[in-house]
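Undergrad: Can you keep this structure in mind? I'll have questions shortly.
The values are calculated or read from the model by the stated rules, or taken from the named source; none is laboratory data. Since we're looking at a predicted model, the values are computed, not measured. Positions of Cβ are backbone-derived with ideal geometry, glycine not excepted, and every protein chain shown enters the neighbour counts. Quick note on the areas: whole protein, heavy atoms, side chains included, nothing else; ligands and nucleic acids left out. Shrake-Rupley method; radii C 1.70, N 1.55, O 1.52, S 1.80 Å.
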Amino acid sequence: QVKVLKSIQSIEISDVVLGQYVAADDAEPGTDAALGYLDDPTVPSGSNTPTFAMAVLRIHNERWEGVPFILRCGKALNERKAEVRVQYRDVSGDIFKGQSKRNELVVRVQPGEAIYCKVNNKTPGMSFGIEETELDLTYNSRYSNAKLPDAYERLILDVFCGSQMHFVRSDELAEAWRIFTPLLHKIEEGGVKPISYKYGSRGPREADQMLAENNFKYYGSYKWTEP
(Lines give C-alpha, C1' and ligand atoms only; values in the text may rest on other atoms or scores of the structure.)
Protein backbone atom coordinates (compact mmCIF):
# COMPACT_ATOMS: atom_id res chain seq x y z
CA GLN A 1 0.00 0.00 0.00
CA VAL A 2 2.81 2.41 0.78
CA LYS A 3 4.42 1.68 -2.57
CA VAL A 4 1.15 2.58 -4.33
CA LEU A 5 0.73 5.81 -2.34
CA LYS A 6 4.27 6.88 -3.22
CA SER A 7 3.27 6.60 -6.90
CA ILE A 8 0.50 9.20 -6.43
CA GLN A 9 1.36 12.89 -6.76
CA SER A 10 -0.07 15.54 -4.45
CA ILE A 11 -3.59 16.31 -5.59
CA GLU A 12 -4.24 19.50 -7.56
CA ILE A 13 -7.31 21.69 -7.20
CA SER A 14 -8.08 21.07 -10.90
CA ASP A 15 -8.72 17.40 -10.05
CA VAL A 16 -11.21 18.18 -7.28
CA VAL A 17 -14.85 19.24 -7.07
CA LEU A 18 -16.04 20.63 -3.74
CA GLY A 19 -19.67 21.29 -2.87
CA GLN A 20 -21.93 22.55 -0.12
CA TYR A 21 -25.59 21.54 0.08
CA VAL A 22 -28.50 23.96 0.08
CA ALA A 23 -32.20 23.37 0.71
CA ALA A 24 -34.14 21.27 -1.78
CA ASP A 25 -36.67 23.13 -3.91
CA ASP A 26 -39.63 20.87 -3.10
CA ALA A 27 -38.83 20.28 0.57
CA GLU A 28 -41.57 20.41 3.19
CA PRO A 29 -41.06 23.07 5.85
CA GLY A 30 -39.55 21.72 9.05
CA THR A 31 -37.76 18.78 7.39
CA ASP A 32 -34.00 18.34 7.01
CA ALA A 33 -34.32 18.86 3.26
CA ALA A 34 -35.66 22.37 3.86
CA LEU A 35 -32.39 23.45 5.49
CA GLY A 36 -29.06 24.04 3.83
CA TYR A 37 -25.69 23.68 5.51
CA LEU A 38 -25.46 27.41 6.25
CA ASP A 39 -28.93 27.33 7.85
CA ASP A 40 -27.51 25.35 10.77
CA PRO A 41 -27.20 27.79 13.70
CA THR A 42 -23.92 26.17 14.76
CA VAL A 43 -22.29 26.89 11.37
CA PRO A 44 -20.52 30.28 10.99
CA SER A 45 -22.11 32.62 8.47
CA GLY A 46 -20.48 32.39 5.05
CA SER A 47 -18.57 29.21 5.92
CA ASN A 48 -16.69 27.63 3.01
CA THR A 49 -16.58 24.19 4.64
CA PRO A 50 -17.32 21.58 1.94
CA THR A 51 -20.02 18.97 2.51
CA PHE A 52 -19.18 17.19 -0.76
CA ALA A 53 -15.84 16.27 -2.30
CA MET A 54 -14.77 14.35 -5.37
CA ALA A 55 -11.13 13.85 -6.28
CA VAL A 56 -9.44 12.08 -9.17
CA LEU A 57 -6.18 10.34 -8.29
CA ARG A 58 -3.73 8.76 -10.70
CA ILE A 59 -1.19 6.07 -9.89
CA HIS A 60 1.96 6.57 -11.94
CA ASN A 61 3.31 3.07 -12.35
CA GLU A 62 3.40 0.48 -15.09
CA ARG A 63 0.22 -1.32 -14.03
CA TRP A 64 -2.14 1.61 -13.37
CA GLU A 65 -0.87 4.39 -15.65
CA GLY A 66 -3.83 6.04 -17.36
CA VAL A 67 -6.48 4.58 -15.03
CA PRO A 68 -8.32 7.23 -12.95
CA PHE A 69 -9.17 6.44 -9.34
CA ILE A 70 -12.17 8.52 -8.29
CA LEU A 71 -12.93 9.23 -4.63
CA ARG A 72 -16.40 10.60 -3.94
CA CYS A 73 -18.17 11.37 -0.67
CA GLY A 74 -20.66 13.82 0.72
CA LYS A 75 -23.55 14.66 3.02
CA ALA A 76 -27.23 15.14 2.16
CA LEU A 77 -26.95 13.10 -1.05
CA ASN A 78 -29.60 10.95 -2.71
CA GLU A 79 -28.08 7.72 -1.34
CA ARG A 80 -26.23 6.69 1.79
CA LYS A 81 -23.73 3.97 0.96
CA ALA A 82 -20.07 2.99 1.00
CA GLU A 83 -18.77 0.96 -1.92
CA VAL A 84 -15.92 0.32 -4.32
CA ARG A 85 -17.04 0.37 -7.96
CA VAL A 86 -14.92 -0.87 -10.87
CA GLN A 87 -16.30 0.13 -14.26
CA TYR A 88 -15.01 -1.80 -17.26
CA ARG A 89 -14.40 -0.23 -20.64
CA ASP A 90 -16.76 -0.48 -23.58
CA VAL A 91 -16.64 -3.69 -25.57
CA SER A 92 -15.31 -3.27 -29.09
CA GLY A 93 -17.61 -4.38 -31.88
CA ASP A 94 -21.02 -3.45 -30.44
CA ILE A 95 -23.53 -5.78 -32.08
CA PHE A 96 -26.41 -4.36 -30.01
CA LYS A 97 -26.27 -0.95 -31.73
CA GLY A 98 -25.64 1.18 -28.66
CA GLN A 99 -28.01 -0.61 -26.28
CA SER A 100 -25.29 -2.13 -24.12
CA LYS A 101 -23.94 -0.37 -21.06
CA ARG A 102 -20.68 -0.88 -19.27
CA ASN A 103 -20.30 -3.82 -16.91
CA GLU A 104 -19.33 -3.05 -13.33
CA LEU A 105 -17.94 -4.93 -10.35
CA VAL A 106 -19.22 -3.51 -7.05
CA VAL A 107 -18.01 -4.27 -3.53
CA ARG A 108 -20.61 -2.80 -1.15
CA VAL A 109 -19.55 -2.16 2.44
CA GLN A 110 -22.69 -0.36 3.65
CA PRO A 111 -25.62 -0.78 3.84
CA GLY A 112 -25.53 -4.56 3.71
CA GLU A 113 -22.24 -6.17 2.75
CA ALA A 114 -22.37 -7.51 -0.79
CA ILE A 115 -20.32 -8.24 -3.89
CA TYR A 116 -22.14 -8.08 -7.18
CA CYS A 117 -21.32 -7.77 -10.84
CA LYS A 118 -23.63 -5.61 -12.93
CA VAL A 119 -23.81 -7.15 -16.39
CA ASN A 120 -25.77 -6.79 -19.62
CA ASN A 121 -27.85 -9.83 -20.41
CA LYS A 122 -29.71 -10.67 -23.61
CA THR A 123 -33.43 -10.80 -22.92
CA PRO A 124 -34.88 -14.33 -23.17
CA GLY A 125 -36.73 -15.38 -26.27
CA MET A 126 -36.50 -14.31 -29.89
CA SER A 127 -35.85 -10.62 -29.26
CA PHE A 128 -32.42 -9.09 -29.72
CA GLY A 129 -32.62 -6.67 -26.83
CA ILE A 130 -30.52 -6.57 -23.66
CA GLU A 131 -31.20 -5.63 -20.05
CA GLU A 132 -29.12 -4.86 -16.98
CA THR A 133 -28.96 -7.51 -14.28
CA GLU A 134 -26.48 -8.72 -11.67
CA LEU A 135 -24.53 -11.66 -10.39
CA ASP A 136 -25.10 -11.16 -6.69
CA LEU A 137 -23.46 -12.29 -3.46
CA THR A 138 -25.24 -10.57 -0.60
CA TYR A 139 -23.79 -11.64 2.74
CA ASN A 140 -27.01 -11.30 4.73
CA SER A 141 -28.78 -13.65 2.31
CA ARG A 142 -26.00 -16.13 1.62
CA TYR A 143 -24.75 -16.29 5.22
CA SER A 144 -27.99 -15.62 7.08
CA ASN A 145 -26.92 -17.65 10.12
CA ALA A 146 -23.43 -16.18 10.39
CA LYS A 147 -22.45 -13.42 12.80
CA LEU A 148 -20.93 -10.59 10.79
CA PRO A 149 -18.97 -8.31 13.13
CA ASP A 150 -19.16 -4.56 12.75
CA ALA A 151 -16.03 -2.68 11.72
CA TYR A 152 -15.20 -1.50 15.23
CA GLU A 153 -15.91 -4.90 16.74
CA ARG A 154 -13.20 -6.35 14.51
CA LEU A 155 -10.74 -3.59 15.39
CA ILE A 156 -11.33 -3.93 19.14
CA LEU A 157 -10.76 -7.68 18.87
CA ASP A 158 -7.50 -6.99 17.01
CA VAL A 159 -6.40 -4.75 19.88
CA PHE A 160 -7.04 -7.52 22.40
CA CYS A 161 -5.21 -10.04 20.21
CA GLY A 162 -2.27 -7.72 19.53
CA SER A 163 -2.85 -7.81 15.76
CA GLN A 164 -2.08 -4.76 13.59
CA MET A 165 -3.45 -6.25 10.38
CA HIS A 166 -6.36 -3.80 10.06
CA PHE A 167 -4.49 -0.71 11.25
CA VAL A 168 -2.63 1.87 9.17
CA ARG A 169 1.15 2.00 9.50
CA SER A 170 2.82 5.34 10.25
CA ASP A 171 4.61 5.51 6.88
CA GLU A 172 1.33 4.81 5.05
CA LEU A 173 -0.39 7.55 7.03
CA ALA A 174 2.42 10.01 6.21
CA GLU A 175 2.10 9.31 2.48
CA ALA A 176 -1.67 9.77 2.60
CA TRP A 177 -1.27 13.16 4.29
CA ARG A 178 1.37 14.14 1.69
CA ILE A 179 -1.20 13.65 -1.08
CA PHE A 180 -3.99 15.73 0.49
CA THR A 181 -2.25 18.29 2.73
CA PRO A 182 -1.61 20.94 -0.01
CA LEU A 183 -5.29 20.83 -0.98
CA LEU A 184 -6.43 21.07 2.65
CA HIS A 185 -4.25 24.16 3.14
CA LYS A 186 -5.87 25.86 0.12
CA ILE A 187 -9.32 25.12 1.51
CA GLU A 188 -8.40 26.47 4.97
CA GLU A 189 -7.00 29.64 3.40
CA GLY A 190 -10.33 30.28 1.73
CA GLY A 191 -8.97 29.89 -1.77
CA VAL A 192 -11.63 27.40 -2.82
CA LYS A 193 -15.34 28.18 -2.77
CA PRO A 194 -17.62 25.11 -2.73
CA ILE A 195 -20.31 24.72 -5.39
CA SER A 196 -23.92 24.63 -4.22
CA TYR A 197 -25.98 21.48 -4.73
CA LYS A 198 -29.52 20.57 -3.71
CA TYR A 199 -30.27 18.43 -0.66
CA GLY A 200 -31.05 14.89 -1.84
CA SER A 201 -29.27 15.21 -5.20
CA ARG A 202 -26.20 13.41 -6.54
CA GLY A 203 -24.05 16.43 -5.76
CA PRO A 204 -22.79 19.27 -7.95
CA ARG A 205 -23.28 18.89 -11.70
CA GLU A 206 -19.61 19.69 -12.12
CA ALA A 207 -18.82 16.38 -10.43
CA ASP A 208 -20.71 14.45 -13.13
CA GLN A 209 -18.86 16.48 -15.76
CA MET A 210 -15.53 15.50 -14.22
CA LEU A 211 -16.64 11.85 -14.18
CA ALA A 212 -17.35 12.06 -17.92
CA GLU A 213 -14.01 13.75 -18.58
CA ASN A 214 -12.29 10.80 -16.86
CA ASN A 215 -14.14 8.23 -18.99
CA PHE A 216 -16.65 7.14 -16.35
CA LYS A 217 -20.21 6.77 -17.59
CA TYR A 218 -23.17 7.23 -15.28
CA TYR A 219 -26.45 5.91 -16.69
CA GLY A 220 -28.90 6.18 -13.81
CA SER A 221 -30.97 3.32 -15.22
CA TYR A 222 -29.97 0.58 -12.77
CA LYS A 223 -30.46 0.32 -9.03
CA TRP A 224 -29.27 -2.61 -6.95
CA THR A 225 -31.96 -4.07 -4.69
CA GLU A 226 -31.18 -6.31 -1.75
CA PRO A 227 -32.60 -9.83 -2.23
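Undergrad: Rounded, prolate or oblate: pick one for the chain, where a ≥ b ≥ c are the square roots of the eigenvalues of its C-alpha gyration tensor, a/c under 1.5 means rounded, and failing that, prolate if a/b is larger than b/c, else oblate.
TA: Details: a/c = 1.36, a/b = 1.19, b/c = 1.14.
It comes out rounded by the Cα gyration axes.
Undergrad: So which aspartates and glutamates pass the test for LYS6, namely a Cα distance under 19 Å, with those fewer than 8 places away in the same chain ruled out?
TA: ASP15, GLU62, GLU65, ASP171, GLU172, GLU175
Undergrad: Classify the range 42-133: rounded, prolate or oblate, from the alpha-carbon gyration tensor (a ≥ b ≥ c, eigenvalue square roots; a/c under 1.5 rounded; otherwise prolate if a/b is larger than b/c)?
TA: Taking the square roots of the gyration eigenvalues as a ≥ b ≥ c, the range 42-133 is prolate.
Undergrad: Right, next: Taking LYS217 as the anchor, which aspartates and glutamates have their alpha carbon closer than 12 Å to its alpha carbon, excluding any fewer than eight residues away along the same chain?
TA: ASP90, GLU104, ASP208
Undergrad: Expressed as a rounded percentage, what relative contact order does the chain have, with Cα pairs under 8 Å and six or more residues apart?
TA: 26
Undergrad: Same structure again: Would you mind working out the accessible area per residue for the range 11-167, using a 1.4 Å probe, and quoting it in Å²?
TA: 70
Undergrad: Here's something else I'd like to know. Once amide H atoms are placed 1.01 Å from N in the peptide plane, what residues at a sequence separation of 5 or more from SER47, or on another chain, have their amide H within under 5 Å of its amide H?
TA: Those qualifying (amide H under 5 Å, at least 5 residues apart or on another chain) number zero.
Undergrad: Scan the range 102-160 for trypsin sites (Lys or Arg not before Pro) in coil per DSSP, keeping those whose Cβ has at most 13 other Cβ atoms within 10 Å, and list them by number.
TA: Here the trypsin sites (Lys or Arg not before Pro) that fit, given the DSSP loop and packing criteria, are LYS147.
Undergrad: On a full-extension model of 0.36 nm per residue, what is the gain between ARG63 and GLU213, subtracting their alpha-carbon distance, rounded to one decimal in nm?
TA: Full extension from ARG63 to GLU213 adds 51.9 nm.
Undergrad: Could you tell me what percent of the accessible area of the range 43-189 is made up of carbon and sulfur, with a 1.4 Å probe and every protein chain present?
TA: Carbon plus sulfur share of accessible area: 57 percent.
Undergrad: Another one. In whole Hz, what ³J(HN,Hα) sequence does the range 206-220 give by Karplus (6.51, -1.76, 1.60; θ = phi - 60°), x for Gly and Pro?
TA: 4, 5, 5, 5, 5, 4, 5, 5, 9, 6, 10, 10, 9, 9, x
Undergrad: Amide H of ILE130 versus every other amide H placed in the peptide plane: which residues, excluding those fewer than 5 positions away on the same chain, fall under 5 Å?
TA: THR123
Undergrad: Once both labels are modelled 7 Å past Cα along the beta-carbon direction, what's the ARG89-ALA27 spacing in nm?
TA: Each label point lies 7 Å from its Cα, and together they span 4.3 nm.
Undergrad: Please say if the range 107-227 is rounded, prolate or oblate, where rounded means a/c under 1.5 for a ≥ b ≥ c the square roots of the C-alpha gyration tensor eigenvalues, and otherwise the choice is prolate for a/b larger than b/c and oblate otherwise? Write out the running numbers ahead of the final one.
TA: Working: a/c = 2.56, a/b = 1.16, b/c = 2.21.
Judged from the Cα gyration tensor, the range 107-227 comes out oblate (a/c at least 1.5, b/c at or above a/b).
Undergrad: Express in nm, to one decimal, how much length is gained between VAL168 and ARG142 on full extension, taking 0.36 nm for each residue of separation and deducting their alpha carbon distance.
TA: 6.3 nm
Undergrad: So for LEU184, LEU211, LEU157, what's the accessible-area order with a 1.4 Å probe, most first?
TA: LEU157, LEU184, LEU211
Undergrad: Go through the range 39-113 and name the GluC sites (Glu not before Pro) that are in a DSSP coil and have 13 or fewer other Cβ atoms within 10 Å of their Cβ.
TA: GLU62, GLU65, GLU79
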